[in-house]
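Visitor: Have a look at this one.
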Amino acid sequence: MKRFIPNSLTLLNLLSGSIAVIFVINSNFVTAAFFVFLGIFFDFFDGFAARKLKVQSALGIQLDSLADMVTSGLVPGLVMYKLLELTESSWGEIGVNSILSFKEVLLIPVFGLSITLASAYRLAKFNIDEDQQTYFKGLPTPANTLLIISLPLILEFQNNDIINSIILNQWFLFGLTILSCYLLNSSIKLFALKFKDYSFKNNATRYIFILLCIVLLIVLQFAAIPIIILLYIIMSVLDGLTSI
């Protein structure tokens, strides 16, 4: 019976992601973000439960990736699509609208779905890469999803004119989409938040990272998320250099 517990958590991740898709399509980013956070929560604990209960299985691995494809693949792609859609008037100002319109639908926002394609490719590579047990190669899809979903949350809750103008700049979103796709499938080694033991000596980087995350979230709220992702990459690179 206990072998069904991790898979049930994975299915809850999939359900959460599916609900998030509905809200993103309706431009309800706040509610969508709630279900994304919920899905990532289930995604973290399904693997944790499988390890603790010693019921890891090939089925669980495949099911986990399928669930992640929705919560951390389709959702961020759709969010970027909707954000690029908000900049549609700006593309018209530079003459792109008339060139790339098809039946009055601007095709530029479809570029945001590149994130979904890159996520699918990354998840497929992860499933056949036996090296990524204690670390990640490239940005994990949940981390990338948090980065993308933070943008509409910053617009909603931070309400800073300078930040808003940056986020709603079409070139910024275009560049971030490319960067996101690259990071997902890069060869950069990033530490995983998996603890073999809880000693500070063996997990110093993880403990320091978690502490900094808490401080940044308290001080900057949702605006802290992009900084946390950058911090995660920097600390991972530094940790790799010191372990050589």
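The values are calculated or read from the model by the stated rules, or taken from the named source; none is laboratory data. Predicted model, so just to flag it, every value in this text is computed and none were measured. So basically every Cβ, Gly included, is an ideal-geometry build from the backbone, and we count neighbours across all protein chains shown. Accessible surface is based on the protein model in full, side chains and every heavy atom, while ligands, DNA and RNA are left aside. Shrake-Rupley method; radii C 1.70, N 1.55, O 1.52, S 1.80 Å.
Visitor: Quick test of your reading of the structure: Val30 fulfils all but one of (1) in contact (Cβ under 8 Å) with a residue 40 or more places away in the chain; (2) within 17 Å of Pro152 (Cα to Cα); (3) open to solvent by less than 50 Å² (accessible area, probe 1.4 Å). Name the failing condition by number.
Guide: Single failed check for Val30: (3).
Visitor: Which of the numbered conditions does Leu179 fail, given that it passes all the others? Conditions: (1) outside any loop (DSSP other than H, G, I, E, B); (2) free of Cβ contacts under 8 Å to residues at least 12 places away in the same chain; (3) more than 16 Å from the chain's Cα centre (by Cα).
Guide: Exception for Leu179: condition (3).
Visitor: Take residues that are modelled with pLDDT of 95 or more and tell me which of the helices (runs of 4 or more DSSP H) falling wholly in segment 81-155 contain 2 or more.
Guide: Working: elements: 88-93, 96-100, 114-128.
Helices (runs of 4 or more DSSP H) meeting the threshold: 114-128.
Visitor: What tally of residues in segment 33-69 results from selecting those that are over 12 Å from the mean Cα position of the chain (by Cα), buried (at least 20 other Cβ atoms within 10 Å of the Cβ) and free of Cβ contacts under 8 Å to residues at least 40 places away in the same chain?
Guide: Total satisfying the criteria: 2.
Visitor: Let me ask you something else. Test Ile148 against the criterion of being in contact (Cβ under 8 Å) with a residue 60 or more places away in the chain, under 23 Å from Met69 (Cβ atoms) and open to solvent by less than 20 Å² (accessible area, probe 1.4 Å), and give yes or no. Step through it out loud before you land on a result.
Guide: Values: in contact (Cβ under 8 Å) with a residue 60 or more places away in the chain: yes; under 23 Å from Met69 (Cβ atoms): yes; open to solvent by less than 20 Å² (accessible area, probe 1.4 Å): yes.
When the stated conditions are applied, Ile148 passes them.
Visitor: Regarding segment 70-82, can at least one residue be identified that is open to solvent by 20 Å² or more (accessible area, probe 1.4 Å), over 19 Å from Pro109 (Cα atoms), touching a Ser or Thr at 6+ places or on another chain (Cβ under 9 Å) and among the basic types (Lys, Arg)?
Guide: There is no residue in segment 70-82 that is open to solvent by 20 Å² or more (accessible area, probe 1.4 Å), over 19 Å from Pro109 (Cα atoms), touching a Ser or Thr at 6+ places or on another chain (Cβ under 9 Å) and among the basic types (Lys, Arg).
Visitor: Among the residues of segment 169-182, is there at least one that is over 17 Å from Leu83 (Cβ atoms) and surrounded by 13 or more Cβ atoms within 10 Å (Cβ to Cβ)?
Guide: Yes, the conditions are met somewhere in segment 169-182.
Visitor: Scan segment 185-244 residue by residue and report those that are touching a helix residue (DSSP H, G or I) at 6+ places or on another chain (Cβ under 6 Å) and of a type in the set (S, T, N, Q).
Guide: Asn185, Thr205
Visitor: Can you tell me which condition Ile208 does not meet? The list is (1) open to solvent by less than 70 Å² (accessible area, probe 1.4 Å); (2) free of Cβ contacts under 8 Å to residues at least 60 places away in the same chain, and all the others hold.
Guide: (1)
Visitor: Also, I was wondering about something else. On the given criteria, is Leu11 in contact with a Phe, Trp or Tyr (Cβ under 9 Å, 6 or more places away or on another chain), under 18 Å from Leu123 (Cα atoms), surrounded by fewer than 18 Cβ atoms within 10 Å (Cβ to Cβ) and not small (Gly, Ala, Ser)? Let's see the steps before the verdict.
Guide: Details: in contact with a Phe, Trp or Tyr (Cβ under 9 Å, 6 or more places away or on another chain): yes; under 18 Å from Leu123 (Cα atoms): yes; surrounded by fewer than 18 Cβ atoms within 10 Å (Cβ to Cβ): yes; not small (Gly, Ala, Ser): yes.
Yes, satisfied.
Visitor: Name the residue that is surrounded by the most Cβ atoms within 10 Å (Cβ to Cβ), counting only residues in segment 211-244 that are closer than 30 Å to Lys52 by Cα and among the polar types (S, T, N, Q).
Guide: Ser236
Visitor: I need every pair where a residue in segment 218-244 that is more than 15 Å from Leu183 (Cα to Cα) has its Cβ under 9 Å from the Cβ of a residue that is open to solvent by 80 Å² or more (accessible area, probe 1.4 Å) and not in a helix (DSSP H, G or I), sequence separation at least 6 or different chains.
Guide: Note: pairs meeting the criteria are Asp239/Lys189; Gly240/Lys189.
Visitor: Can you pull out every residue in segment 206-234 that is under 22 Å from Asp129 (Cβ atoms) and not charged (D, E, K, R)?
Guide: Kept after step one, since they are under 22 Å from Asp129 (Cβ atoms), are these residues of segment 206-234: 206, 229, 232-233.
Selection gives Ile229, Tyr232, Ile233.
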